[in-house]
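Have a look at this one before I ask anything.
The values are calculated or read from the model by the stated rules, or taken from the named source; none is laboratory data. The structure presented is a predicted model; accordingly, all values stated were derived computationally and were not measured. We place every Cβ from the backbone using ideal geometry, glycine too, and count neighbours over all the protein chains shown. Surface areas here come from the heavy atoms of the whole protein model, side chains and all, with no ligands, DNA or RNA. Shrake-Rupley method; radii C 1.70, N 1.55, O 1.52, S 1.80 Å.
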Amino acid sequence: MGEKKEEFAIVPGKWEIPYRHSAGEVGTKFYEGLKQKKILGLRCPKCKRVIVPPRLFCDRCLVPMNEWVEVKDTGTIVTFTICYWKFTGLPEPPYCVAWIKLDGADEGILHFVGGVDLSDPKKALEKIRVGARVKAKWREKRTGSILDIEYFEPIE
């Protein structure tokens, strides 16, 4: 009662950090696969999990992985969010981002969900839901980027 609210300073600013990142041997092979409409992962020789996007070492067993596996471009939504607010560096809202477990993979991949009218949230949730099946919509012109998959579209 009668407490004085503390006021905090607002510090305006803008960060713009251009960079170039080496994808390395594993990332390069993954991106080259995307150019050919192939989603590649690596299988752990110890626990047999298939990791997509691939990593050089299994994060559970801490052993090197070198067995390449092609997984399907279909999968299941594990979790998702529909964004209606603008965030720097992301598309104009509304848009949907989901964690998708691809068929043949043991880990999920984060990507956009599209092909659904997001202007009516109730209607959108009829198609976009946990457990919904999705399929990749590939770009006509692919460049070796995760965005060679334009988005994943519900198929049920």
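Among Val50, Phe152, Ile17, which residue has its Cα positioned farthest towards the positive end of the charge dipole of the chain, with +1 placed on the Cβ of Lys and Arg, -1 on the Cβ of Asp and Glu, and the dipole taken about the Cα centre?
The residue sitting most towards the positive pole is Val50.
Carbon and sulfur: what percent of the stretch 1-57's accessible surface (1.4 Å probe)?
For the stretch 1-57, the apolar C and S fraction of the accessible surface comes to 55 percent.
By how many degrees, between 0 and 90 and to the nearest 10, does the Cα long axis of helix 24-35 differ from the longest principal axis of the chain?
The helix 24-35 is inclined about 90 degrees to the chain.
Could I ask something else about it? What do you reckon, how do Trp15, Trp99, Trp85, Trp138 stack up by accessible area (1.4 Å probe), largest on top?
Trp15, Trp85, Trp99, Trp138
Still on this structure: Please work out how much accessible surface Glu107 shows to a 1.4 Å probe, ignoring ligands, DNA and RNA, in Å² rounded to 10.
Looks like 50 Å² after rounding.
Pull up the cross-link candidates among the lysines for Lys135, meaning alpha carbon to alpha carbon under 30 Å and not fewer than 8 places away within one chain.
List returned: Lys29, Lys35, Lys37, Lys38, Lys46, Lys48, Lys72, Lys86, Lys101, Lys122, Lys123, Lys127.
Calculated from DSSP H runs of 4 or more alone, at -39500 (n - 2.57) each and per residue, what is the 222 nm mean residue ellipticity of the chain, nearest 500?
When only DSSP H runs of four or more count, the value is -3500 deg cm²/dmol.
If you restrict to DSSP beta bridges whose two residues both lie in the chain, what percentage is antiparallel, to the nearest 5?
Given both bridge residues lie in the chain, the antiparallel proportion sits at roughly 95 percent.
Any idea of the accessible area per residue across the stretch 1-110, 1.4 Å probe, to the nearest Å²?
I get 76 Å² per residue for the stretch 1-110.
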